[in-house]
Amino acid sequence: MGTGILTIDLDAIAANWRTLAAMSRGATGAVVKADGYGCGASHVARRLAREGAREFFVATAEEGATLRHALGAGPVINIFSGHMSGDTALIRDHGLVPMLNSPEQANRHRSALPDRPYGVQLDTGMNRLGMEAPDWAATRGDLEAGPLTLVMSHLACADEPAHPQNGAQLAAFTAMSAGVTAPRSFSATGGILLGPDYHFDLTRPGIGLYGGLPFATAQPVVTLSLPVVQIRDVARGETVGYAASFTAERSTKIATVSAGYADGLIRQMSGKARLFSGDAGCRLAGRVSMDLLTVDVTDLPATPDCLDILGPHQGVDALAEAAGTIGYEILTSLGGRYQRAYIGA
Ligand SMILES: *Cc1c(COP(=O)(O)O)cnc(C)c1O
């Protein structure tokens, strides 16, 4: 078989959710946008619903519709991008709850679907999504008179506990949401770790469920094992791959492995990431190409059938560091060509 095997441990995701839920002061939702951070939103959400999660979050109404098919009636599906023009039928037919981000979205929702629930997203300093204080002040009375189910905001710097913007956003959210009777939600993974002052009624972890920083004690979730297509001996002085960027400094055994930047193993990993055969790490030799990696396996005692690029010795954050990015980007880039295998489905 020429494709890699991406194994997703739903038991680990469930354990991470339970740990974050035990830390959270109120209820705990689950963020499954971007196909569950590349892990498969339907599988992840069905498993977390079994664990007791009742509130799910995705970025768009289209994602929400797909998720509704997976979950069936019952769980709440909240949409961060709110009620966009063209979303009305999706929101109505799939029972989605838009987080209204502006007075325009509020008007659109209240006139198109007057009886349908909605949340409000407040901007408390990130300047990305949400109503600013004057918009909220102007629309608040009207919105609180209808089926308002959640008031939320999002922290910009929660992965840096000492950052002064955390406290500033907390003060802004506390002030803007004072007196609302709807449940309030403020924290993603990073905010949960900042402590109970940041939790309010519902937390919204994403990356921590999938084993990524800043949840340093998370159980790892993904392993990625790639088949070796070919092995060759390269003499000292010969080069490997595009641009001849690797030169053998000794007699070198090169394994050519099936996966490349088209599968989310981005070119910036070239020369930096390692692949593992059991406990033994082997360096990438030369550039990552679209469908293939070349790996220096000279020091392995035997010729491997496959090599692991994500696993116990190199998790998503270690691979991200080698590539100069963050675990979120590694996970959400994992390509469509892998065969996906689920533990605990
Ligand atoms: C993505 C996102 C989350 C989840 O964030 P993590 O850092 O992955 O836990 C929560 N809330 C909002 C608004 C988001 O966009």
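Hull volume per residue, based on the alpha-carbon atoms of the stretch 222-343 and their convex hull, is 98 Å³. Under 5 Å from the amide H of residue 306 lie the amide H atoms of 228, each residue being 5 or more positions distant or on a separate chain, with H modelled from the backbone and absent for Pro and chain starts. Classify the stretch 10-210 from the C-alpha gyration tensor, please: rounded if a/c falls under 1.5, else prolate or oblate depending on whether a/b exceeds b/c. Since a/c reaches 1.5 but b/c is at least a/b, the shape of the stretch 10-210 is classed as oblate.
What's the longest piece of the chain with no exposed GluC sites (Glu not before Pro), counting a site as exposed if DSSP puts it in a loop and it has at most 16 other beta carbons within 10 Å?
No qualifying site falls inside 1-131, the longest such stretch.
Each of 331, 303, 246 was placed along the dipole of the stretch 222-343 (beta-carbon charges, centred on the mean Cα), and the one lying farthest toward the positive end is 246. Taking the C-alpha atoms only, the angle from helix 164-176 to the longest principal axis of the chain is near 30 degrees. Here the dipole of the stretch 222-343 is about 220 debye; that uses its Cα centre as origin and unit charges on the Cβ of Lys and Arg (positive) and Asp and Glu (negative). Choose one of 198, 183, 139: the residue whose Cα lies farthest towards the positive end of the charge dipole of the chain (beta-carbon charges +1 Lys, Arg; -1 Asp, Glu; about the Cα centre). Working it through, the farthest residue towards the positive pole turns out to be 183. As a rough footprinting exposure proxy, the listed residues 99, 176, 1, 290 were ranked by other beta carbons within 10 Å of their own, and the order from fewest upward is 1, 290, 176, 99. Near residue 315: Cβ cut-off under 13 Å, other residues only, Lys/Arg at +1 and Asp/Glu at -1. The net charge is -3.
Rg ratio for the chain: its Cα radius of gyration over 2.2 N^0.38 Å, N being its residue count, equals 1.14.
Segment residue 144..residue 201, full-extension length gain: 18.8 nm, with 0.36 nm per residue of separation and the alpha-carbon distance subtracted. Sorting 253, 272 from the fewest to the most surrounding beta carbons within 10 angstrom yields 272, 253. By the count of neighbouring beta-carbon atoms within 10 Å, fewest first, 215, 186 end up ordered 215, 186.
What you get for the stretch 1-114, charging only the Cβ of Lys and Arg (+1) and of Asp and Glu (-1), is a dipole of about 320 debye around the Cα centre. Charges were assigned to the Cβ only: +1 to each Lys and Arg, -1 to each Asp and Glu. The resulting dipole of the chain about its Cα centre is roughly 340 debye. Projecting the Cα positions of 81, 268, 53 onto the charge dipole of the chain (unit charges on Cβ atoms of Lys, Arg, Asp and Glu, taken about the Cα centre) puts 53 furthest along the positive direction.
Counting charges near residue 214 (Lys, Arg +1; Asp, Glu -1) among other residues having Cβ under 13 Å from its Cβ returns a value of -3.
Taking Lys and Arg as +1 and Asp and Glu as -1, the other residues whose beta-carbon sits under 9 Å from that of residue 255 total +1.
Each reported figure results from applying straightforward, stated rules to the coordinates on display, with no laboratory input. Computed from a prediction, not measured in an experiment: that's the story for all the values here. Cβ atoms come from the backbone with ideal geometry, glycine included; neighbour counts cover every protein chain shown.
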